Amino acid sequence: MTTEHLLDDRSRVPLRTMANKVPEVTAYFWIIKVLTTGMGETASDLLARVLGPIPAVGLGALALAASLAVQFAVRRYIAWVYWTAVVMVSVFGTMAADVLHVGLGVPYTLSTPFFVIVLTAVFALWYAVERTLSIHGIRTRRREIFYWAAVLATFALGTAAGDLTATAGLGYLGSVVLFAVAICVPAIAHRGGVLKAVPAFWTAYVITRPLGASLADWMALSHSRGGLALGLAPVTLAWTVAIAGFVGYLAVSRRDTTGLEAA
């Protein structure tokens, strides 16, 4: 599912002509999105282990606020600014889900539907105000606020959902397989004409979170927990380097900005 498939349901005009604060939806978009989810998962766990849960959450909140402040301040899409904000959302979204479970003792069977309700409420309010959930019409401050609220909710939901399946018997590798199959469903449904582009996009966007997080957990965690025992720090570093490499390539090549200049 790429940008050329995303059409505004009202005007039927390709949404690529209207965007200026988000990247084109290409294969690079999905690769980096999955990488940010995994990196956010292991980085959050690593920070909580090194600093302690409360200082880690505080630091994560400050980093998120700073990255979003920069993202809101710029007047157009800038690859490293945008993806830095996504990484910080990933880290803090993981912390938000973990606080409910570890800090407050809320089981994943309750936190997962709770975040479904939160995300649904964000989408409902966004659509009621703007009459669209398109990510390629993010041209005003209000739409940008809705967009980032939805992104944060998807990360928290995906974290809870991934941990739910992993602890419910599937394990981390089983969860990777489950979500790898699940993410194909909206793409196939869209290509088959069953699901429109915008809901297909957001469905896939949500699923990337537990997919990437489960994969990173499987790589990092101990053999006793069903992982490869590579360690939180090495996995976090490796995924960070991969993100930096892809974002650096996009910043230079501008492969994800075609059509944005006219917005």
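Annotations for the structure displayed:
- Cβ pairs under 9 Å, 6+ apart, first in the stretch 246-263 and closer than 12 Å to Y82 by Cβ and open to solvent by 50 Å² or more (accessible area, probe 1.4 Å), second at pLDDT 60 or above and small (G, A, S): A251/A79
- Taking the stretch 131-148 as the range and being aliphatic (A, V, I, L, M) and either open to solvent by less than 40 Å² (accessible area, probe 1.4 Å) or in contact with a Gly (Cβ under 6 Å, 6 or more places away or on another chain) (or both) as the test, the residues that pass are L133, I135, I138.
- Close pairs (8 angstrom Cβ cut-off, 6 or more residues apart or separate chains): open to solvent by 50 Å² or more (accessible area, probe 1.4 Å) in the stretch 182-201, at pLDDT below 95 and among the charged types (D, E, K, R) anywhere: K196/D9
- Applying the criterion of at least 1 residues that are under 23 Å from M88 (Cα atoms) and at pLDDT 90 or above to the helices (runs of 4 or more DSSP H) found wholly in the stretch 120-202 leaves 141-165, 171-182.
- If you check V89, V116, V102 for being within 15 Å of the chain's Cα centre (by Cα) and farther than 18 Å from M39 by Cβ, only one passes: V116.
- Residues of the stretch 25-42 satisfying the condition of being open to solvent by less than 20 Å² (accessible area, probe 1.4 Å) and closer than 15 Å to A156 by Cα: K33, T36, T37, G38, G40, E41, T42
- Restricting attention to the stretch 1-24, the residues being at pLDDT 50 or above and open to solvent by 30 Å² or more (accessible area, probe 1.4 Å) number 4.
- Scan of the stretch 101-121 for residues that are of a type in the set (A, V, I, L, M) and closer than 18 Å to A149 by Cα, ordered by number: V116, I117, V118, L119, A121
- Test for I117: is it modelled with pLDDT of 90 or more and farther than 24 Å from G58 by Cα: yes
- The set of residues in the stretch 220-237 that are in contact (Cβ under 8 Å) with a residue 24 or more places away in the chain and part of a helix (DSSP H, G or I) comprises A220, R225, L232, A233, V235, T236.
- Taking the stretch 154-169 as the range and being of a type in the set (G, A, S) and open to solvent by 10 Å² or more (accessible area, probe 1.4 Å) as the test, the residues that pass are A161, A166, A168, G169.
- Test: residue in the stretch 19-33 that is part of a helix (DSSP H, G or I), among the β-branched types (V, I, T) and touching a Leu at 6+ places or on another chain (Cβ under 9 Å): yes
- Matching residues in the stretch 66-105 - criterion: being β-branched (V, I, T) and open to solvent by 50 Å² or more (accessible area, probe 1.4 Å): V70, T84, V99, V102
The values are calculated or read from the model by the stated rules, or taken from the named source; none is laboratory data. Predicted model only: the values in this text are computed from it and were never measured. Heads up, the Cβs are rebuilt from the backbone with ideal geometry, glycines too, and the neighbour counts pull from every protein chain shown. To get the accessible areas, we keep the full protein, side chains included, count just its heavy atoms, and leave off ligands, DNA and RNA. Shrake-Rupley method; radii C 1.70, N 1.55, O 1.52, S 1.80 Å.
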